[in-house]
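Undergrad: Structure in structure tokens, see below.
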Amino acid sequence: MNAAKHAATIACIEDDPDILELIQYNLVRQGYRVVACSDGIEGLLRARSEEPDLIVLDLMLPGMSGNEICRRLKAEPKTASIPVIIVSAKGEEDDIVTGLDLGAEDYVTKPFGPRELLARVRTALRRGGAELAVGGPQRIVRDGLLIDAAAHRLVVDGKAVSLTATEMRLLHFLASNAGRVFTRDQLITHVIGGDAAVIDRNIDVHIGALRRKIGPYRHLIETLRGLGYRFLED
């Protein structure tokens, strides 16, 4: 669908005025509404108040780092499900893994072309929208877990737990296909999408985060060495 029909709101938090202007110009051309900020603290406050559909976030910001902004947003139920795309000149694997581990949906290294960023934005918005479900029942109950993909809700032993859009897709996909083994490449294709930042540890980071969040039911996500992952069959 055309992005302009949705008029999605995107917060762009970037302190380089030229890059901020470039991102804002290209997003507006595609029909998006842009909330632009050049300071970390202001960016965090605007993200909380505006609750945008997506956040494009630099790491090295005055006032507060992008990593800290991401950590705080993902820790708050109101903003936890907002997709975050990190844009940074720090492109080492450890930097990317850190960003993903904090809950970012994608990581784009500078310099980047406008078309590349727009493709990542469209993919992240699709992953964060109502079409998150990738088949199977929308509502899955297993032991003390309630997975409601349509409502983007996870309940563990009666307590609501915040998940990122990618974490929800991954958990719902595995639980919907309990007993089947999926390689990392298959999970990247079906859950994360071909436009996302793909590195060897990408899926492992998301699986690790999911296991921490489902706590006593972490054993339900099995690792099969040399093969991949599966959700334990009932």
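Undergrad: Please turn the phi angles of the range 182-189 into ³J(HN,Hα) values with the Karplus equation 6.51 cos²θ - 1.76 cosθ + 1.60 (θ = phi - 60°), one per residue in order, whole Hz, x for glycine and proline.
TA: These are the phi-based 3J(HN,Hα) values: 10, 6, 4, 4, 5, 5, 4, 5 Hz.
Undergrad: Sticking with this one: At q = 0.17 Å⁻¹, what is the log10 ratio I(q)/I(0) for the range 132-231, with the Debye formula run over Cα points and no solvent?
TA: Each listed q maps to, in turn, -0.70.
Undergrad: Right, another one. Relative to the longest principal axis of the C-alpha atoms of the chain, give the angle of the C-alpha long axis of helix 202-214, reported between 0 and 90° and rounded to the nearest 10°.
TA: Computed tilt is about 60 degrees.
Undergrad: Moving to a separate point now. Please quote Rg/Rh for the chain to two decimal places, taking the Kirkwood radius as Rh and restricting both calculations to Cα atoms.
TA: Rounded to two decimals, Rg/Rh equals 0.96.
Undergrad: So what's the projected area for the range 3-128, the Cα convex hull averaged over all directions, in nm²?
TA: Here the figure is 6.6 nm², rounded to one decimal.
Undergrad: Highest GNM mean-square fluctuation, the chain, Cα pairs closer than 10 Å: which of Val87, Val141, Val108?
TA: Val141
Undergrad: Per the helix-only calculation at 222 nm, which mean residue ellipticity applies to the chain, given -39500 (n - 2.57) for every DSSP H run of n ≥ 4 and division by its residues, nearest 500 deg cm²/dmol?
TA: -11500 deg cm²/dmol
Undergrad: Let me ask another. What is the helix-to-structure angle for 114-128, meaning the angle in degrees between its Cα long axis and the longest Cα principal axis of the chain, kept from 0 to 90 and rounded to the nearest 10?
TA: On a 0 to 90 degree scale, this one is about 40.
Undergrad: Over the chain, with a Gaussian network built from C-alpha contacts below 10 Å, which listed residue (Val56, Val28, Val191) shows the highest mean-square fluctuation?
TA: Comparing Val56, Val28, Val191 in a Gaussian network model of the chain, the most mobile one is Val28.
Undergrad: Can you return the lysines within cross-link range of Lys159? Criterion is Cα-Cα under 19 Å, with same-chain partners fewer than 8 residues away left out.
TA: Lys159 reaches Lys74, Lys78, Lys213.
Undergrad: What residues qualify as long-range amide H neighbours of Leu61, i.e. H under 5 Å apart, gap of 5 or more or another chain, H built at 1.01 Å from N?
TA: Counting only residues 5 or more places away or on other chains, the set is Gly66.
Undergrad: Go ahead and set up a Gaussian network model of the chain, Cα springs under 10 Å, then flag whichever of His219, His206, His172 fluctuates most.
TA: Largest GNM mean-square fluctuation: His219.
Undergrad: Using Cα atoms only, what is the angle between the long axis of helix 17-29 and the major principal axis of the chain, expressed in degrees (0 to 90) to the nearest 10?
TA: Helix 17-29 sits roughly 70 degrees off the main axis of the chain.
Undergrad: Within 10 Å, at most 14 other Cβ atoms, and a DSSP state outside H, G, I, E, B define an exposed site. Report the longest part of the chain free of exposed GluC sites (Glu not before Pro).
TA: Values: sites that count: Glu92, Glu233.
Result, exposed sites excluded: 93-232.
Laboratory data are not the source of any read-out in this text; all were calculated from the coordinates shown. Given the structure is predicted, the values throughout are model-derived calculations rather than measurements. Here Cβ is always computed from backbone atoms with ideal geometry, including for glycine, and neighbour counts include all displayed protein chains.
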